[in-house]
Amino acid sequence: MRTVWAMCFCLCAALPARAQQTYITGTDALGLIEFSELSLNDMVEGGCWTEGERIKTKTRLMFQQKGLQVIDYKAAFYGYDVVLSELTALGVRTKAGICAVNAEFRVVTRSFSNIGTTFYNDSYTAVGMVELFSSNTLLTGAGDLDDELDRFFDRAVSEFLAKRYFARGSDSVIAFRTDNPSTGRPPMPFSDYQSFADIENGSQ
């Protein structure tokens, strides 16, 4: 009887541990971001905002100071490590001379979800943009709103970078990085991917 139990124990001990599913929340996912495109959407008229490019340059510097690398090209693939950061302002000067500007800073990435399969095991995939962070405001004033927009974007970008910093210390992100160390390699440019795809299609 003792022999039977000993054999059973040995067999059980040899079995692999049950796979564990770890979930990384949206907030903690900020800690996975390594690279970002940075775009400026300046849709302000009437001289209400004249420093869009300066704010973009300032944001780039803030990113780099916190170890978030800015890429100057469209990435071939997005994920939670490669994102798009957008500085957006839309506004006009009214007939009364008042400036009204809606400003937003947001960070988004592309998401792929398998939503089903066919009889032949082909898959259906839903593709969409996922918003990881956003902050917006509505500003008004008699003169230009350069100072107000500068303060808004500074606060919004600083808040995002602070959340990213704290997320990098979360248990789930640390565990992920332990199992999946960062390579530090910049993402493939979309232009390179397109050239490769054209070559492949031409060879068929």
Filtering segment 131-181 down to residues that are closer than 16 Å to Val107 by Cβ, of a type in the set (Asp, Glu) and at pLDDT 95 or above yields Asp154, Glu159
Going through segment 38-67 in order, the residues found to be touching a Lys or Arg at 6+ places or on another chain (Cβ under 7 Å) and closer than 24 Å to Phe190 by Cβ are Leu38, Leu40
The lone condition Asn102 fails out of (1) part of a loop (DSSP other than H, G, I, E, B); (2) surrounded by fewer than 21 Cβ atoms within 10 Å (Cβ to Cβ); (3) not small (Gly, Ala, Ser) is (1)
All conditions in (1) under 15 Å from the mean Cα position of the chain (by Cα); (2) surrounded by fewer than 18 Cβ atoms within 10 Å (Cβ to Cβ); (3) within 16 Å of Thr57 (Cα to Cα) are true of Arg155 except (1)
In segment 164-181, anything outside any helix (DSSP H, G or I) and either more than 25 Å from Ala76 (Cβ to Cβ) or under 16 Å from the mean Cα position of the chain (by Cα) (or both) is listed as Arg168, Gly169, Ser170
Within segment 64-90, of all residues that are outside any strand (DSSP E or B) and modelled with pLDDT of 95 or more, the one surrounded by the fewest Cβ atoms within 10 Å (Cβ to Cβ) is Gln65
When every residue in segment 123-140 that is crowded, with 16+ Cβ neighbours inside 10 Å and over 18 Å from the mean Cα position of the chain (by Cα) is compared, the one nearest to Gln69 (Cα to Cα) is Thr137
Among residues of segment 35-52 being surrounded by fewer than 17 Cβ atoms within 10 Å (Cβ to Cβ) and under 23 Å from Thr109 (Cα atoms), the residue nearest to the chain's Cα centre (by Cα) is Ser39
Practice item. Consider Arg93 carefully, then state whether it is without any contact (Cβ under 8 Å) to a residue 24 or more places away in the chain and surrounded by 13 or more Cβ atoms within 10 Å (Cβ to Cβ). Key: no
Pairing a residue in segment 38-67 that is under 28 Å from Gly97 (Cβ atoms) with any residue that is assigned to a loop (DSSP other than H, G, I, E, B) and of a type in the set (D, E, K, R), where Cβ atoms lie under 8 Å and the two sit 6 or more apart in sequence or on different chains, gives Gly47/Asp144; Cys48/Asp144; Trp49/Asp144; Thr50/Asp144
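The values are calculated or read from the model by the stated rules, or taken from the named source; none is laboratory data. As the structure is a prediction and not an experimental result, all values here were calculated from the model. Note that we place each Cβ from the backbone using ideal geometry, even for glycine, and neighbour counts take in every protein chain shown.
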